[in-house]
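Reading through the structure tokens given below for one structure.
The values are calculated or read from the model by the stated rules, or taken from the named source; none is laboratory data. Quick caveat, the model's predicted, so the values are computed rather than measured. Here the Cβ is made from the backbone with ideal geometry for all residues, glycine too, and neighbour counts use every protein chain on show. SASA here: full protein model, heavy atoms, side chains in, ligands and nucleic acids out. Shrake-Rupley method; radii C 1.70, N 1.55, O 1.52, S 1.80 Å.
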Amino acid sequence: MAKGKSGRGGARKAAPALRELLRVPGDDRVDLTAYDPAGTPGGPADKASGVAATAALGERLAGLQERLWAAGSAGDRRRILLVLQGMDTSGKGGTVKHVIGQLNPSGCRIKAFKAPTPQELNHPFLWRVVKALPEPGEIGIFDRSQYEDVLAARVRELVPRAQLNRRYGQINRFERTLADDGVTVVKCFLHISYAQQRRRLLERLDNPDKHWKFSPGDIEDRALWPAYQEAYEIALERCSTDAAPWFVVPADRKWYRDWAVSTLLLEHLEALDPRYPEARFDVAECRRRLLAGD
């Protein structure tokens, strides 16, 4: 974390916002080996302080979420879409549990995207995504997203390469229309290391209570690690835009991952600064009637 000079009469520079530290520039080639999956940029000093800091963010997040939801009930079309992408065990589900779990579920819309169904395959690839978008005032959370159609589709060669390459532009135009309609898109790539993924997969195998979270297909995908890393680099490079930038969140340390996503969400909510709507009725008259009835 950068600090300014602190000599006589000097002033310490304010720490940069986390969304500046973690943002993918969008105009350079992305090389994921340059990002440390175990890093803690801008974060607390250690796990204990990180867990405490994340818990402390909960009240502020919940208060801003309530204001956003209230504003939506009065016609404010703004909402947030949090996109979580990452390799298996990177913590998409854990982030939903520990970050979104602090919010009022009534104001959240969570969608975990699996392999496309036969019905979904009969439609353009963005069709199922549009159906899951948050309503005004809501916070939407995508566990995987439209990016599966340029990640798994690329690695597994599920569509012709020409069609695949067109999808990056389609995604950018789609996200631009979302931004124009009041959707703040927060895209987080949960960056886990190859070694850490192995440890987490072994933990699932060693614990019968976690066998349901394991699939032999996880080993097959792990064998394709270099291809997936390349697919992510291309997606991050081509689809980090001003309308919807990508953020690389180091995910080897779960406590940092949770703190970072919580902080990114908080920074975007604070930038929106939603307000409670003014009453559309005579408050004094309603108060008088209630008191008179007693």
Hey, can you tell me all the residues within the range 32-52 that are open to solvent by 20 Å² or more (accessible area, probe 1.4 Å) and either without any contact (Cβ under 8 Å) to a residue 12 or more places away in the chain or touching an Asp or Glu at 6+ places or on another chain (Cβ under 7 Å) (or both)? Thr33, Ala34, Pro37, Ala38, Ala45, Asp46, Ala48, Ser49, Ala52
So is Glu237 surrounded by fewer than 20 Cβ atoms within 10 Å (Cβ to Cβ) and in contact with a helix residue (DSSP H, G or I) (Cβ under 8 Å, 6 or more places away or on another chain) or not? no
Output the qualifying pairs, or none if there are none: Cβ atoms under 9 angstrom, residues six or more apart or on different chains, first residue in the range 8-26 and under 20 Å from Phe247 (Cβ atoms), second residue modelled with pLDDT under 65 and open to solvent by less than 90 Å² (accessible area, probe 1.4 Å). Ala14/Gly4; Ala15/Ala2; Pro16/Ala2
Please list, ordered by residue number, the strands (runs of 3 or more DSSP E) wholly in the range 44-150 having 2 or more residues that are in contact with a Phe, Trp or Tyr (Cβ under 9 Å, 6 or more places away or on another chain), closer than 15 Å to Val261 by Cα and modelled with pLDDT of 95 or more. 79-86, 139-143
Result of the Cβ filter at 7 Å on the range 223-251, keeping first residues that are assigned to a helix (DSSP H, G or I) and partners that are open to solvent by 10 Å² or more (accessible area, probe 1.4 Å) and of a type in the set (A, V, I, L, M), at least 6 apart or interchain, is Ala227/Val155; Tyr228/Met87; Tyr228/Val155; Ala231/Val155
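Matching residues to (1) of a type in the set (A, V, I, L, M, F, W, C); (2) open to solvent by less than 30 Å² (accessible area, probe 1.4 Å); (3) within 30 Å of Gly58 (Cβ to Cβ); (4) out of contact with any Lys or Arg (no Cβ under 6 Å at 6 or more places or on another chain):
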site: Val99; (1), (2), (3), (4): yes, yes, yes, yes
site: Thr117; (1), (2), (3), (4): no, no, no, yes
site: Ala132; (1), (2), (3), (4): yes, yes, yes, no
site: Gly169; (1), (2), (3), (4): no, yes, no, yes
If I filter the range 217-233 for residues that are surrounded by 11 or more Cβ atoms within 10 Å (Cβ to Cβ) and touching a strand residue (DSSP E or B) at 6+ places or on another chain (Cβ under 8 Å), do I get at least one hit? yes
Given (1) aromatic (Phe, Trp, Tyr); (2) crowded, with 17+ Cβ neighbours inside 10 Å; (3) modelled with pLDDT under 95, number of the condition Trp212 does not satisfy: (2)
Among the residues of the range 53-65, which ones are over 25 Å from Ala244 (Cβ atoms) and crowded, with 16+ Cβ neighbours inside 10 Å? Ala53, Gly58
